[in-house]
1. Run through every distinct alpha carbon pair of the stretch 144-284 and return the Kirkwood hydrodynamic radius in angstroms, one decimal place.
2. Could you give the dipole magnitude of the chain about its Cα centre, charging the beta-carbon of Lys and Arg +1 and that of Asp and Glu -1, in debye to the nearest 20?
3. How large is the charge dipole for the stretch 316-370, taken about the Cα centre, if only the Cβ atoms of Lys, Arg (+1) and Asp, Glu (-1) carry charge, to the nearest 20 debye?
4. Using the basic label-point model (7 angstrom from Cα toward the beta carbon), what is the ALA175 to HIS426 distance in nanometres?
5. I'd like the Karplus ³J(HN,Hα) series for the stretch 164-171: coefficients 6.51, -1.76, 1.60, θ = phi - 60°, whole numbers in Hz, and an x wherever there's a Gly or Pro.
6. Compute the distance in nm between two label points, each set 7 Å from the Cα along the Cα-to-Cβ direction, one at GLU403 and one at PHE367.
7. Work out, step by step, the length gained on full extension between ASP192 and GLN316: first 0.36 nm times the residue separation, then minus their alpha carbon distance; give nm to one decimal.
8. Output the Cα-based Rg and Dmax of the stretch 72-145 in Å, rounding Rg to one decimal and Dmax to a whole number.
Amino acid sequence: MAEQIQPIRGMNDVLPSEIGTWQHFEACTRELLGAYGYEEIRVPVVEHTELFKRAIGEHTDVVGKEMYTFADRGGESLTLRPEATAGIVRALISNGLLRGQRHKLWCLGPMFRHEAPQAGRYRQFWQVDVEAVGCPGPDVDAELIALGARLWGRLGITGLKLQINSLGTPDSRRAYRARLLEYLRAHAARLDADSQRRLAGNPLRVLDSKHPDMQEVIRGAPLLTEHLDTESRAHFEALCAMLRAVGVSYEINPRLVRGLDYYNRTVFEWITPSTGAQNAVCSGGRYDGLIAQLGGEATPAIGFAMGVERLVALVQAAGGTVPAPRPDVYVVVSGPQAEAQALELVERLRSERPRVRFELNLGGGNFKAQFRRADKSGAPLALIIGDDELARGVVAMKPLRAESGQSECPIVRLAAGVDAALARVHGGGPAAP
Ligand code: HAM
């Protein structure tokens, strides 16, 4: 046998046994986003490397260490998207969609980061990304967060905690950065290698270190929230009041800084105690400066992205696994005449009853083998197309999960016969919509 080709580390197959839960997650999300007035957008998986460098920031882990960057055949530097915000903003600019317009958009797709894979952390992972472009006020921040809370409820996920913070404006952050640098330099000997590196590039990211030895230094650091400008403070207080008004509990985490450079003012993360170190299932924030930074007209915006693998795992853990859909009717075929006519008959039924799932036995097999497959398929009803029956103008029907016996139905009334038989076995129509 030829040597097998291995999958890429950290890049997962989503198998048919899991796809029902993924589709359930996607359907709930799509429906809720539609109800809040968000429209779907699809942007390329590959963009010019420069886009991510400029949007996410050269000193971030994502740009510095994690991007899948390559030269294409024309020698251009391209990158597999590590996140969707930069691409969506690029799309708004390149399609001339800004011009003072507001946009509420969402996008589903795979993202790529060369991180160390572990449970909940992958190199290809899926995000649902949500962006509200054109609104400066805290109302949109609060509504986005409320949307998340409502989605967890619909998915049956409990126990998520919301952490929020404000990063202020670039100016207030500059003043804070100077204070923080002073503090961190005074404690330079206690910083780990990663934090030393961050100190030079983006000292705020030191606050994000998960290194246990760093926690005491971080606890003693000056707080960004104490250096907010007046407007950012008012924005943050209004957001908190709105969250309280709609009953969304939150915790202010003054050390929440996020790993991407484009944020200002509101940042937030929904975290779960149940997935270990990879505990953020949904995170985002405001990025009022990004659009101008990427060459568009200055437009305020805010958004978040959900990690689909992490949320699907929580749906499963909450007992919400959705099995793959099963057929309603398994069609057993016996005899040369029947084999010649079965496809035509089943195709006609599929036209007449588009909502019923018919699974036609393919590839032959004796009666016993076909019934074994019928049983395994989970279908509640079998149709038996045999030469004898065809000669008499009928098809046999047999419930597979009930004791009631076999019956016959004239071919000319087969669709109605299937309806009636399914109604008997389901106590209603077909199971699948
Ligand atoms: P992010 O925090 O980098 O933000 O990622 C958002 C979410 O994606 C995380 O909360 C997590 O659930 C999931 N995620 C991130 N990395 C991985 C990974 N390696 N494996 C599995 N899941 C992962 C962003 O990407 C921003 N673009 C969010 C945003 C949108 N901000 C404003 N608009």
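The values are calculated or read from the model by the stated rules, or taken from the named source; none is laboratory data. Being a predicted model, the structure only gives us computed values, none of them experimental. Ideal geometry is used to build each Cβ from the backbone, glycine not excepted, and the neighbour counts take in all protein chains shown. Ligands, DNA and RNA are stripped out before the accessible areas are found, and what is left, the full protein with its side chains, is counted by its heavy atoms. Shrake-Rupley method; radii C 1.70, N 1.55, O 1.52, S 1.80 Å.
1. 16.2 Å
2. 480 debye
3. Using only the charged Cβ atoms, the result is roughly 200 debye.
4. Modelled inter-label distance: 6.5 nm.
5. 10, 7, 10, 9, x, 9, x, 5
6. Modelled inter-label distance: 2.3 nm.
7. Roughly 40.9 nm would be gained on extension.
8. When restricted to the Cα atoms of the stretch 72-145, Rg and Dmax are 15.6, 46 Å.
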